[in-house]
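Right, one structure below, let's go through it.
The values are calculated or read from the model by the stated rules, or taken from the named source; none is laboratory data. None of the values given here were measured: they were computed from a predicted structure. All Cβ positions, glycine included, derive from the backbone under ideal geometry; neighbour counts span all protein chains shown. Surface accessibility is based on the protein's heavy atoms, side chains included, excluding ligands, DNA and RNA. Shrake-Rupley method; radii C 1.70, N 1.55, O 1.52, S 1.80 Å.
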Amino acid sequence: MISNRDLLHAVVGLYDVSLSDMTPDVLYSSVCDKWARTIVLVRDVQETVEDLTKRKATRRNLAKKVDDEDQAKEEGEEDKYEEEEASPSKFATVYSDTESEEEEEEDDEEDFSKGINSFIKKAAERRTQQKVTETVSQDMVGIENRIIGAITFEKKYIQKDRVIHLTLLSVRKRYRKFGIGKYLLQQILEPEVVGHYDAIVVHADNGAVDFFQKFGFSDDIVLNSRWSELAEQFTNCTLMAYLPAFSGHTLLSTLKIPGLEVFELEQQFNKWKEKTTEVYQQQVSIVMRMKHEIIELKSMNEKQNELIDTLILENERLKKEKLMIEKEYLDHRLTTARTVAYGSDKVNDIIPRGFLPTDDEDDIDTSDLISGLQREVDLMDLAIKRERLQSLVDSDPITKSKFTTVDESQYMSFPTTRNKKQGEPYDHMKDAAFFYDVTEQFKKGMKLDPQIKGSYEVTTISKATLTDSYVEKYREQIKRMKEPTLIADLYFCGGLEHPERLNDIIKHGFKEQDFVFGEFGRGLYFSKYPSKAAQFSAHEKILLVEVGLGNIETVSKQDKTRKSPSSPEFDSIITPGRLHTSQGVGDMVYNEEYIVYNISQVMPLCLISYAGT
């Protein structure tokens, strides 16, 4: 004699007081879903009457406070559930052994809560009758007194799998710990009750995970990712799944075909084998393609290296040709200049005819004398350059042939170095040529740097006065180098911290205290360009030295602990330079620095004083 509407309200009321995270409107929609089914465990009426009578005798000794909250409803109030904020559950008076909860506002397409107030009012009246009467009769017993527990599930298809989605499960608080929940869950696991299925999925409360694990449910994340689309409507819970055995869980099991379960098991294994084989094939394909990609990149790298080597050889060849052309050009200029100066083809004469007056001649005109001296200085400069180029060419036995492999360090352009002959007497002519050459090289070096604005003039030149022992030690060290013919005039990149040492260096030579602690190690740093060396030297002073570079090692990696070239095969190193490394601006060619780690490879020539104009 129970209506479906009252049964619905009673089931939702049981879920409402048991599941605190779900509101009545959500419960109504879940229980009344199109594919939802609910199993309700109900007691016999007579058994319920006997239980209420026993409980009535017990309650007589308890407090007699009666909750009349629901009876205070105003007449004419719509018989429909209305959501309220921060209020106890509507079913708090129906199930006295439950707890209240807050409700959330949410709109539903269809309202299944109609009649809720009438049901609650009738339940309250029956409850009042049970309290005031001595004997409980069957007409005082409602469905809310008989329900023990309920479980709700939905049938769905997910990726062609028949899935039983267990949405709600609750047992009345008074009857927990008696195996009621276990009994209801076993009904869901039986195909005779819910039909054939491939999996049962449940979103278990975090406190109920152990309960479901006892019945074979798994919380494996990878396995349950198959049912991830069911997780959108649930929060603060764990997705778990139960997979049945093969026996008795297929539609063909009713045919009673012998060995059918084994056949289905074999089918599942074959399906697993196909999937595994496909995954393995994909992995092997990726590995092979990566392997071939590496081979292809390696081949491209080798081709690029070959191209770089070819360009280097071509660059060396062009440098070689340029060196030969410069030599021929200087020979031509020297011959032409001597012919013009001496008025004859006697190009090997050193002293020009008519330069010194004879006894029979009168005083020489001053302008003619100055012009003659200037021509002689130019001739000496050309002779020095010619001899230097000739020494560089003659020092390499491959020079006379068009070779393909050349040490690049032998053909770098350096400021010219004068060949000093031991025992040659001191005279003003040679010093004049030397000072003129130093001045011109300084001004030319300043103009070559595109970052230098303005011009600079040499004011004074202090020539080095070294001892014979220092010079001899320098020459012996040059002979011991791997490439003794590579000598260059360079500018010392130092003296900024100790400018007082510059005057001492041109008198006694370099000492280890003059070593610079730079980014490329501890040694003596030099540059071809005075504009760069000046940034590390004293104000408007710079030191010109002759450096035995020998076999040069190219180094680009910074190492402040370096104290020598990386191999004994090298005598010095060439680097991108400290200015290029720290500032990252300008052409790297103008910032290059040469470094030697042996003071015997360096001989000071002069100290230049200059000023900007």
Spelling it out for residue 593: with amide H atoms placed in the peptide plane at 1.01 Å from N, the residues 5 or more places away or on another chain with amide H under 5 Å from its amide H are 575, 577
For residue 486, list long-range residues whose amide hydrogen, built 1.01 Å from N in the peptide plane, is under 5 Å from its own amide hydrogen.
550
For region 440-476 and region 206-245, what is the separation of their Cα centres, given in Å?
86 Å
Separation of the residue 501 and residue 215 label points, Cα + 7 Å toward Cβ, nm
8.9 nm
Residues residue 192 and residue 137, FRET efficiency given R0 of 41 Å [Cβ-Cβ distance, rounded to 0.05]:
0.65
Mind listing the phi-derived Karplus ³J(HN,Hα) values for region 433-444, rounded to whole Hz, using 6.51, -1.76 and 1.60 with θ = phi - 60°, and x for any glycine or proline?
5, 5, 5, 4, 5, 5, 5, 5, 5, 5, 5, 5
Using only the alpha carbons of region 507-613, determine the length spanned along each of the three principal axes and report them from longest to shortest in whole angstroms.
44, 36, 22
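When the accessible area of region 484-609 is computed with all protein chains present and a 1.4 Å probe, what percentage of it is carbon and sulfur?
Details: 2510 of 5000 Å².
C and S atoms contribute 50 percent here.
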Order by accessible surface, 1.4 Å probe, largest leading, for residues 274, 476 comes to 274, 476
What figure, in Å² to the nearest 10, do you get for the accessible area of residue 125 with a 1.4 Å probe and non-protein molecules left out?
90 Å²
Surface accessible to a 1.4 Å probe, residue 532 within the full protein complex, Å²:
10 Å²
When the chain is fully extended, how far beyond the present Cα-Cα distance does residue 55 get from residue 284, taking 0.36 nm per residue of separation?
75.2 nm
Can you put 153, 211 in order of accessible area, largest first, using a 1.4 Å probe?
211, 153
Distant-in-sequence amide H partners of residue 606 (H built 1.01 Å from N, under 5 Å)
464, 544
